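The values are calculated or read from the model by the stated rules, or taken from the named source; none is laboratory data. Keep in mind it's a predicted model, so treat the numbers as computed, not measured. Don't worry about glycine lacking a Cβ; one is built from the backbone with ideal geometry, like all the others, and counts go over all protein chains shown. Only protein heavy atoms, including side chains, enter the accessible area calculation; ligands, DNA and RNA are left aside. Shrake-Rupley method; radii C 1.70, N 1.55, O 1.52, S 1.80 Å.
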Amino acid sequence: MIELQALTFRYAGADRDALHDITLTIPDGAFLGIIGPAGAGKSTLAHCLSGVIPHAVRGDFYGAVRVDGLDTADSRLTDLSCIVGTVFQDVDSQIISSVVEDELLYGLENFGVPREEIEERLTFALEQTGIAPLRHRAIASLSGGQRQKVAIASLIALRPKILVLDEPTGELDPSSSRQIFSLLRRLNRETGMTVIVVEQKIMLLCEFAERLIVLSDGRIERDGTVREVLGDIAGLEAIGVNCPRSARFSSLLSEKTGRPVPVCVNADEAVEAARRLIG
Amino acid sequence: MTDLFQYVPGNTPLHRMNPITKILLTLSVCIAAFLTDNLFVLLFLLVFDLMIGVVAGAARKAFSIFRGLFKVSLFLFVLQALFVRRGNRLFWIITDEGLLTAASVVLRLLVVCLPLALVLTVTQVSDIANAMVQVLHVPYAYAFTLTTAIRFIPQFMEEMSGIMEAQTARGVEFDSQNFFKKLGMLLPLCAPLLISSVRRTGATATAAEVRGFDLRTRESGYKRYGFGLVDLAALLISAALITGAVLIP
Amino acid sequence: MIRAEHVTYSYRGNVQTVRDLSFHIQKGEFVAILGENGAGKTTTVKLIDGLLCPTSGQMLVNGLDTAKTRVSERAKQVGFLFQNPDRQICQSTVREEIAFGLRAVWGKKETDKIEERTDELLRLFSFRGDEEPFSLSRGQRQQVALASTLAVKPAVLILDEPTTGLDYRECTRIMEFIRSLNETEGTTVVMVCHDMEVVLDYARRALVMAGGQLLADGPVHEIFRDAALMEKASLLPPQIIQISGQLGGEFASADDAETLSDMIARAAERRQA
């Protein structure tokens, strides 16, 4: 479980808070999406959850972040990273080794995982992410989507309870993006891992996330289930967040027919809603 | 160019060799090249380099490096031949000693550059670093700096060619023949390159830290780097190369 | 404007990244190139810009063979906006950045003309000329890159995933700008884009690629409605097209939320009556 209490952070030299008075609880096993316009503080929030802030970034940090009861400001970053795994925005810069297997070994070796357990964990992470056939490949020869999977696998090998990802599909095409999200969903459902993902692609969040947080200007503007948040399309657009067309369609439908139409988060729901109206 | 320093997986004797041995072998070739003045010994070392390339299953690469260095070598050769004034004049301002010096400079360059590039073809940088930490007791922070630096080279090259492409699209003519003009065009590109590199380095450091960089000790490595028969053979060859270079006048 | 005739490009004589491409793009068209990663989209736009030259076949832009055109000559005709603005930006102020491209194409002597055009663009994009590009946000940097690309008034504008990394507002701003350029100046736009909603909103014609070959070429709406084609190219059509397609019948022709909801509302009324 992650608890944020009145968290405020301002980068050294900045003239305004990157995050302002954030109070938030994320229960175990959640699949949480974070969205918001550029400069809203999404990456800053992700870094606070994983302890990178305040440990590796300079600035003024107020309030408290507790991960599984550990106060991130008082714990060592390495202790935190056994609980929270982080995938950073630029995958290429976080990959340390040149071969897939070594990249997975890196964390395992450092955290002193016993030798007889290492092979088992390696296989587990490779299989969960579906990259077992790539084990001995050079990372430089992999596609963007495959590299993203390697980065995720290298964290899963450490068996964190929580996975934080900052725009994991930023540079990927639609089908690789969906693959990454399917993988996250499987991890979330099968291993009970908490997944927190900062993402710009609203359609993916609508399909995969259970809870959505909308950030704007360092503050939490909306927090609820995907359906709840999408209920207010005009409000989201004013913040600068796009909506899936299906949601816009369902809101138009309710406006034009004068009848209640549930918020549709995907195409199938929209088709169903329309059929109900026209019989 | 970008794949020059890239590891190519394989299972040749050179791939199986202990990384430390490979480095020793490379260094011995370099030392031998600098100890000898004998053109035939240098020529032998060059052939030896190319043979290693063949054994490593990287013959094509070895020859392409060889070709790549050829232009530079030619330039150096002409320069040396023109500037060395000692010895007997053969024709114009060219002397016999000038030609010999020029030949040995060029050969030395080739002999030294080839194995340095080849060693990265058959060895993963992480293995070099791990072995250095395990066998030679080098502090991990230094080994990490080395691996990161080497791993950045292809990324750096990729970024550079991306930037040059973007600038070409704007009408900057990099295909200009004038060296100084070309340099003048490349200089403004250093800013974006530096900015992206600095940003990257910071991110890499943090990424390593959250995966337990600080906890790593000499015993952390999962892979063990033992010495075998191949290593013994390589050590003997190394010794022979250096002895040969010293003894053959 | 752009004519590709049996264009093939292979990388270092090995893998063919695009094979036997033939298409013709008229002046003033707004074309999207669709396909999954590795389908050859980026190679195709680089071939149009002359950054790559066909290994066989011919690429003609404005009647000129790209393989035989000088870099600066070609840069007058074709502007290229890259996915990553940071590869393009290399000067320390926004003003210098815009002037840099102009100087490369118009020559250093045209100081007055360059000055004038730079001012014009700064006004158009409401930039402050003395701002440092690298202190701006990604979306703003993308706009700076766009401004300097447009400075020379290219007849063809190429966009390689122009909206990557941008938020909804920044994306809309860039795309609206390009739309108005296409409509008022008649600039030909060729765009590689992964966001099918953006393609539906802005492009009029689509080329679909898979495995380095051209699978289909036609009006965006028709392309998106061809379910078999979408499947073959591993693409997912925009949501409204999916919805109208599944509803079928009279609704299948609707391609935006407004029209479709109107049609349904009317059908619902008829049913009640």
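For the stretch C:219-246, the set of residues classified as open to solvent by 70 Å² or more (accessible area, probe 1.4 Å) and acidic (Asp, Glu) consists of C:222, C:231, listed by residue number. Taking the numbered list (1) open to solvent by 50 Å² or more (accessible area, probe 1.4 Å); (2) within 25 Å of residue A:160 (Cα to Cα) in turn, residue B:180 passes all entries but (2). Taking residues in the stretch A:219-242 that are open to solvent by 70 Å² or more (accessible area, probe 1.4 Å), and partners anywhere that are β-branched (Val, Ile, Thr), the pairs with Cβ atoms closer than 6 Å and at least 6 places apart or on different chains are A:221/A:214; A:221/A:239; A:223/A:213; A:227/A:263. Could you please find all residues in the stretch B:215-245 being facing chain A (nearest Cβ under 10 Å), at pLDDT 80 or above and surrounded by fewer than 19 Cβ atoms within 10 Å (Cβ to Cβ)? Correct list: B:215 only. Per the listing A:72, A:78, the residue uniquely open to solvent by less than 10 Å² (accessible area, probe 1.4 Å), out of contact with any His (no Cβ under 6 Å at 6 or more places or on another chain), among the hydroxyl-bearing types (Ser, Thr, Tyr) and more than 10 Å from chain B (Cβ to nearest Cβ) is A:72. Out of the stretch B:156-177, which residues are more than 11 Å from chain C (Cβ to nearest Cβ) and either at pLDDT below 80 or buried (at least 18 other Cβ atoms within 10 Å of the Cβ) (or both)? The one that is more than 11 Å from chain C (Cβ to nearest Cβ) and either at pLDDT below 80 or buried (at least 18 other Cβ atoms within 10 Å of the Cβ) (or both): B:177. Any idea how many residues of the stretch A:19-39 are open to solvent by less than 20 Å² (accessible area, probe 1.4 Å) and of a type in the set (Gly, Ala, Ser)? Going through the stretch A:19-39 one residue at a time, the tally reaches 3.
For the stretch B:183-232, the set of residues classified as among the basic types (Lys, Arg) and closer than 30 Å to residue A:164 by Cβ consists of B:199, B:200, B:211, B:216, B:223, listed by residue number.
The residue pairs whose first member lies in the stretch C:251-273 and is more than 7 Å from every other protein chain (Cβ to nearest Cβ) and touching a residue at least 12 places away in the same chain (Cβ under 8 Å), whose second member is hydroxyl-bearing (Ser, Thr, Tyr) and crowded, with 19+ Cβ neighbours inside 10 Å, and whose beta carbons are closer than 8 Å, counting only pairs six or more residues apart or on different chains, are C:251/C:244; C:252/C:244; C:254/C:244; C:255/C:244. Any chance the stretch A:82-92 includes a residue that's of a type in the set (Phe, Trp, Tyr), closer than 20 Å to residue A:193 by Cβ and at the interface with chain B (Cβ under 7 Å from one of its Cβ atoms)? Checked the stretch A:82-92: at least one residue is of a type in the set (Phe, Trp, Tyr), closer than 20 Å to residue A:193 by Cβ and at the interface with chain B (Cβ under 7 Å from one of its Cβ atoms). In summary, residue B:89 fulfils each of the numbered conditions (1) among the basic types (Lys, Arg); (2) surrounded by 15 or more Cβ atoms within 10 Å (Cβ to Cβ); (3) free of Cβ contacts under 8 Å to residues at least 40 places away in the same chain with the single exception of condition (2). For the stretch A:148-180, give me each residue that is surrounded by fewer than 23 Cβ atoms within 10 Å (Cβ to Cβ), in contact with an Asp or Glu (Cβ under 7 Å, 6 or more places away or on another chain) and in a helix (DSSP H, G or I). Once the filter is applied, which keeps residues that are surrounded by fewer than 23 Cβ atoms within 10 Å (Cβ to Cβ), in contact with an Asp or Glu (Cβ under 7 Å, 6 or more places away or on another chain) and in a helix (DSSP H, G or I), the stretch A:148-180 yields only A:175.
Looking across the stretch B:165-194, the residues that are small (Gly, Ala, Ser) and in a helix (DSSP H, G or I) come down to B:166, B:169, B:184, B:191. In the stretch B:188-209, the condition of being charged (D, E, K, R), at the interface with another protein chain (Cβ under 9 Å from one of its Cβ atoms) and buried (at least 16 other Cβ atoms within 10 Å of the Cβ) is met by at least one residue.
Does residue C:104 count as more than 14 Å from chain A (Cβ to nearest Cβ), touching a helix residue (DSSP H, G or I) at 6+ places or on another chain (Cβ under 9 Å) and at pLDDT below 90? When the stated conditions are applied, residue C:104 passes them.
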